[in-house]
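Derivation of every value follows stated rules applied to the coordinates shown; laboratory data play no part. Note that the structure is a prediction, hence the values are computed from the model and not measured. All Cβ positions, even for glycine, are placed from backbone atoms using ideal geometry, and neighbour counts span all protein chains on display.
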Amino acid sequence: MATVIAAIGGSLLRPEIEERHAWLEGLVSVIRDRVSMEDRIGIVVGGGAPAREGIDLARPLINNEGHLDKIGIAATRLNATIVREALSDAGVSVSGTIPNRVDEAVLLLEERPVVVMGGTTPGHTTDAVAIRFAIASGADRCIIATNVPKVFGEDPKTNPEAESHDFLTHDQLQEIVGPAEHSRAGASQIVDPVGVSEANISNMTLNVLDGRNVDLIRAAIVGGEFVGTVVRGA
Ligand code: UTP
């Protein structure tokens, strides 16, 4: 029995591939299984393609990152609605609304075993929302489900030789992602630097993994070994 919050990258829900329905079915089945084992699970869904597309459309007209962030937030809430409805239709006891704030989400998680949300306010991404949700709900850990296998020292797309890490301290991860700033709406990092700094202050364990394989999400919720990067205090 654990309380776990998972940031689900929008790219996982919205990949440009045919198998995306199977992935969503897999996610629903993992959550259903874990709820039957009495886990409590918060899911924070990222914006993915609709966030990028909306921000790109508006950027030439809007010269304010906070205003563009609001477009990204709307996309995360759209994606969260897809996940919430899929869980609800599968018979999972999920909260009936998509909360706008973390404190609201914490209260909902006391009533229902599963809460799904998207973004909240401008200035960060859904990783930071998930980390805040994990801290505020006293969760055992926070999963960051992304589309790379581990945290790398450099971007593996630009340097194929980049070294990957099984374990990092919060300070080491902060060093990799840079200072706790949100520079640009829609800009993506392996983990949001704003969130990393808050996880560091509250000593919240992060499990960064490749969410394309839902079995890794399952393993991280269960709390055993999983392939990915564990981020802990020094
Ligand atoms: P995401 O959380 O999707 O960012 O938010 P991301 O790093 O691109 O991650 P994935 O891969 O899609 O999951 C998309 C954008 O929405 C705004 C930001 O502009 C962010 O870059 N946003 C999101 C906020 O301003 N506040 C939030 O709480 C969430």
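Some notes on this structure:
- Here the ratio of the Cα radius of gyration of the chain to 2.2 N^0.38 Å is 0.94.
- Listed peptides 52-64, 85-97 by packing density, highest first (mean Cβ within 10 Å): 85-97, 52-64
- Three-way shape label, the range 46-179, alpha-carbon gyration tensor, a/c 1.5: oblate
- Relative contact order (percent, whole number), the chain, Cα cutoff 8 Å, 6+ residue spacing: 24 percent
- Descending semi-axes in Å of the range 108-204, equivalent ellipsoid built from Cα gyration tensor: 25, 15, 13
- Over the chain: helical MRE at 222 nm, DSSP H runs n ≥ 4 each giving -39500 (n - 2.57), nearest 500: -14000 deg cm²/dmol
- About the Cα centre, charge dipole magnitude for the range 14-114 (Lys/Arg +1, Asp/Glu -1 at Cβ), debye: 200 debye
- The magnitude of the dipole of the range 123-205, with charges of +1 and -1 set on the Cβ of Lys/Arg and Asp/Glu and taken from the Cα centre, is near 300 debye.
- Karplus-derived HN-Hα couplings along the range 120-128 (A = 6.51, B = -1.76, C = 1.60, θ = phi - 60°), whole Hz, x at Gly and Pro: 10, 10, x, x, 6, 10, 5, 4, 5
- By average C-beta atoms within 10 angstrom, highest first, the peptides 143-152, 156-165: 143-152, 156-165
- Taking the inverse of the mean reciprocal distance over all distinct Cα pairs, the Kirkwood hydrodynamic radius of the range 128-177 comes to 12.5 Å.
- Annotation for the range 72-127: trypsin sites (Lys or Arg not before Pro) lying in DSSP loop with at most 15 further Cβ atoms inside 10 Å of their Cβ are Arg101.
- Using the Karplus relation 6.51 cos²θ - 1.76 cosθ + 1.60 with θ = phi - 60°, the per-residue 3J(HN,Hα) values for the range 57-72 come to 4, 8, 3, x, 9, 10, 9, 8, 4, x, 5, 5, 4, 4, 5, x Hz, with x marking Gly and Pro.
- Convex hull projection area averaged over all views, the range 190-234, Cα basis, nm²: 3.4 nm²
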